[in-house]
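Enquirer: Take this structure, written in structure tokens, and hold onto it; I'll ask about it next.
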Amino acid sequence: MHGFVDIHCHALPGVDDGATSVDMGLDMLRRAAEEGVDDVVLTPHFRADDGAQRSQQLQDCFAQFADAVDSAGIGVRVHLGAELGFRFGLAQLIGSSPATRLAGGSYSLVDLPPGPLSPGLEQAFFEVRAAGYRPILAHPERHRNLATDPDRIDRLRAQDLLMQVNAGSLRGRFGRRAQAAAIRLAESGKADFIGSDGHDLDKRPPSLRSAYEQVVELAGPEEAQRLFVHNPRCVLTGTPVQEGQPTLSRERPGMWARLRRRLGR
Ligand SMILES: [Fe+2]
């Protein structure tokens, strides 16, 4: 099993709460390679109060780490990206440096702060789209206010906001509520990507394979291919993603219903 592209991973060492050393970053990439990942976009946090110097810092760190990855012969291609904390002026930030975009292309990964949702979200994402970029929301299933507000998710999707669900959420690593929300997004065709959001080797590993097998079992191999291979590769090539279809629960009603009952939904 090969060809996965992980668009969300904190293996770039020493720049956020992910890998703490070059060796640990390399070990995370070895784990990803073992799981069939061919390409990893390294997405260190870019917080709302970070300035332009953060872009330069990340580009410098990436250049050094990419050399180490090459020398180690791991067999994974690495790309620079970022996980942007939501801020006003998001469109200007994304336009300011390729380091704020995934693999320097047109897609950007954005994380919302916890708590009540800003009434300005839709306008901010509209501005990003109007500037020619494609925003992707990182793990909406983990955001309590958003995960429980399907109308808001629909309004954001109407602004062409894409959704990246965490593999660990599907596996239940972040609790039942996040797992139920992740499954709901996937079964309704509202998930566009599955990423690892890997931070380390134990609690939040850069793992995709078990979630891939789960989606194959629950939704079929075509949907798994769309979420783990096709769409994340579009991020690298700068091509439009394939939209999901809400067909999953109709195809496998018994299995989904059993899982929902188990999760108490
Ligand atoms: Fe992350």
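Enquirer: What distance in nm lies between label points placed 7 Å from Cα along the C-beta direction at Gln225 and Ser118?
Expert: 3.9
Enquirer: Label points 7 Å out from Cα along the Cβ direction at Thr20 and Gln59: separation in nm?
Expert: 3.1
Enquirer: Sorted by accessible area with a 1.4 angstrom probe, largest first, how do Val229, Val216, Val110 fall?
Expert: Details: Val229 20, Val216 45, Val110 0 Å².
Largest to smallest exposure gives the sequence Val216, Val229, Val110.
Enquirer: Another question, then. Suppose every Lys and Arg Cβ carries +1 and every Asp and Glu Cβ carries -1, with no other charges. What dipole size does the range 4-263 come out with about its Cα centre, to the nearest 20 debye?
Expert: Magnitude of the dipole: close to 1060 debye.
Enquirer: Who wins for biggest fluctuation among Ala72, Ala99, Ala186 in a Gaussian network model of the chain, springs between alpha carbons below 10 Å?
Expert: Ala72
Enquirer: Between Arg171 and Arg87, what is the spin-label point distance in nm, taking each point 7 Å from the Cα along the Cα→C-beta axis?
Expert: A separation of 3.3 nm, rounded to one decimal place.
Enquirer: Pick from Arg134, Arg77, Arg233: which residue has the top mean-square fluctuation in a GNM of the chain where Cα pairs under 10 Å get a spring?
Expert: Arg77
Enquirer: Among Ala52, Leu90, Ala66, whose Cα lies farthest out toward the positive end of the dipole of the chain, if unit charges sit on the beta carbon of Lys, Arg (+1) and Asp, Glu (-1)?
Expert: Toward the positive end, the furthest listed residue is Leu90.
Enquirer: Compute a Gaussian network model of the chain, connecting alpha carbons closer than 10 Å, and tell me which residue from Gly238, Gly120, Gly168 fluctuates the most.
Expert: Greatest mean-square fluctuation among the candidates belongs to Gly120.
The values are calculated or read from the model by the stated rules, or taken from the named source; none is laboratory data. None of these values were measured; they are calculated from a predicted model. Neighbour counts run over all protein chains shown; Cβ positions are idealised from the backbone, glycine included. Side chains are part of the model used for accessible areas, which takes the heavy atoms of the whole protein and leaves out ligands, DNA and RNA. Shrake-Rupley method; radii C 1.70, N 1.55, O 1.52, S 1.80 Å.
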